[in-house]
Amino acid sequence: MPNPIPVYEPSKLMDSELFWRDHQAFLQNRGYMLRPRYHPHWVPSWTGKRKKPIKFEDYRPVTRARKVLDATRTCDKMKVIIKRVKTNTEEIPIGSYFSSDLLRKDPRNHCVHILDVIPLPDNDDEALIVMPFLRPFYNPPFEFKTEYIEAAKQLLEGLMFMHEHNVSHMDACFLNIMMDTSQLIPRGFHFANQNTHDGVNRGKFEFKYRRDVAPVPYYFIDFGLSSRFPSSEKRDYFTGRVGQDRTVPEFSDTIAWDPYKVDIYQLGGVLARIESDYVGLDFLRPLVESMRQTDPSQRPDASEALEHFLKLIGTLSPDDLDTEVWRHIDLYMGEPNKWRRRPVTVLKPRPLKSLLNKLIGHLGKT
């Protein structure tokens with residue numbers, strides 16, 4: 001018989017969260033404070049209260065907590081992300097390399113900043129890295145063509161920068177691109193409930209247009225599959241399949257492939273997905289098609305991709321650049337619907353008794 005699906009008990013931590021509870025005191029001593037839910041002697045804040053548990057901040061678990069969790073840096077109250085990483089990968093060396101003072105001065109560096117590296121006292125196989133508090137780059141959605149152009153430019157720049165420094169990301173895919181929303185969402189957002197400011201109130205979620213706070217900074221994260229080479233000419237070739245995008249045509253268990261060309265294909269897949277999700281963002285299609293060529297030798301390198309991008313952008317008029325864009329899911333009967341584009345208040349379902357009383361009262365008046 002299959003194992004029964006575990007029932008979530010709000011007053012207990014999920015198995016994936018126990019690591020953080022067990023290391024809360026250690027992290028506090030290192031200058032990072034976890035939310036009350038992860039303190040060893042946590043008592044659910046709804047205990048003894050009449051309100052439902054969902055009305056409290058510490059009710060909601062973080063389903064991806066096995067690897068990442070939010071925290072507050074105690075010295076300056078800065079919100080950060082702490083991630084568990086394997087020490088036998090290049091994640092720490094490559095992330096630290098791109099976080100050096102010298103490379104961080106280059107505006108083309110769009111690799112996430114590693115703020116701190118914390119060895120674990122009880123495990124040499126893992127360590128913790130501390131990063132800025134970032135958000136997936138696709139939410140809130142793009143609302144103007146210029147916003148998408150800025151994101152694409154930074155990502156193409158960032159990939160070129162990595163290749164110039166002899167690094168292949170090898171997972172330059174949709175879920176490994178983040179953005180800094182400190183200006184975009186001034187009130188911030190809750191890590192476990194990201195369309196709320198406080199983790200509880202699912203009312204109006206306030207954010208600005210990306211173009212009004214431009215440029216929004218975009219970053220590549222997760223260098224767990226990445227490799228750094230002595231030089232571009234001496235880069236290694238690999239076999240097997242890596243990353244989120246398993247449609248890469250040259251993936252093979254026997255024939256080695258070029259990691260730089262895989263990076264190009266993967267990032268082209270990110271642009272292709274955005275293009276397919278929106279109405280009006282197909283102006284980069286020639287670039288996307290070149291980056292997604294079946295034959296790797298026909299794909300541009302990173303600098304050629306950026307050059308192609310700039311040429312395509314140069315053909316757009318100021319009116320074109322200022323055009324609104326819409327996701328397909330935000331269209332209603334083929335027409336744009338702004339209420340569908342932005343997160344809105346979730347209406348409470350009315351009790352059946354209340355609805356019946358209202359209906360009876362209405363019938364009594366007729």
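Just so you know, all these numbers are worked out from the coordinates, no wet-lab data involved. Predicted model only: the values in this text are computed from it and were never measured. FYI the Cβ positions are ideal-geometry reconstructions off the backbone, even for glycines, and counts take in every protein chain you see.
Data overview
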quantity	calculated
Potential lengthening between Lys51 and Cys75 on full extension [0.36 nm per residue; Cα-Cα distance subtracted]	5.2 nm
Trypsin sites (Lys or Arg not before Pro) restricted to DSSP loop in the range 92-149 with at most 13 other C-beta within 10 Å	Lys105
Taking all pairs of distinct alpha-carbon atoms in the range 193-338, Kirkwood radius in angstrom	18.5
Cα pair distances in the chain, grouped into 10 Å bins until the bin that holds the longest one, percent each	5, 19, 27, 25, 15, 6, 2, 1, 0
Nearest-0.05 FRET efficiency for Phe229 and Arg30, computed from C-beta distance (R0 35 Å)	0.60
Inter-site label distance for Glu164 and Asn139 at 7 Å from Cα along Cβ, in nm	3.4
Per-residue [θ]222 nm for the chain (sum of -39500 (n - 2.57) over DSSP H runs n ≥ 4, rounded to 500)	-8000 deg cm²/dmol
Sequence-distant residues sharing a close amide H with Val279 (under 5 Å, placed H)	Trp326, Arg327, His328
Gain on full stretching of the segment that runs from Asp319 to Arg202 - 0.36 nm per residue minus C-alpha separation	38.5 nm
For Ser226, Ser231, order by how many other beta-carbon atoms lie within 10 Å, fewest first	Ser231, Ser226
Subset of Lys153/Lys261; Lys79/Lys311; Lys12/Lys49; Lys52/Lys77; Lys79/Lys204; Lys51/Lys204 violating a 27 Å alpha-carbon distance limit	Lys79/Lys311; Lys52/Lys77
Unit charges on C-beta of K, R, D, E only; dipole of the range 83-211, Debye	760
Potential extension, Ser11-Tyr237 segment - 0.36 nm per residue separation minus Cα distance	76.4 nm
Loop-located chymotrypsin sites (Phe, Trp or Tyr not before Pro) in the range 207-296 whose Cβ has at most 11 other Cβ within 10 Å (DSSP)	Tyr237
Value in Å of the Kirkwood radius, where the range 13-133 supplies the Cα pairs that are averaged	15.9
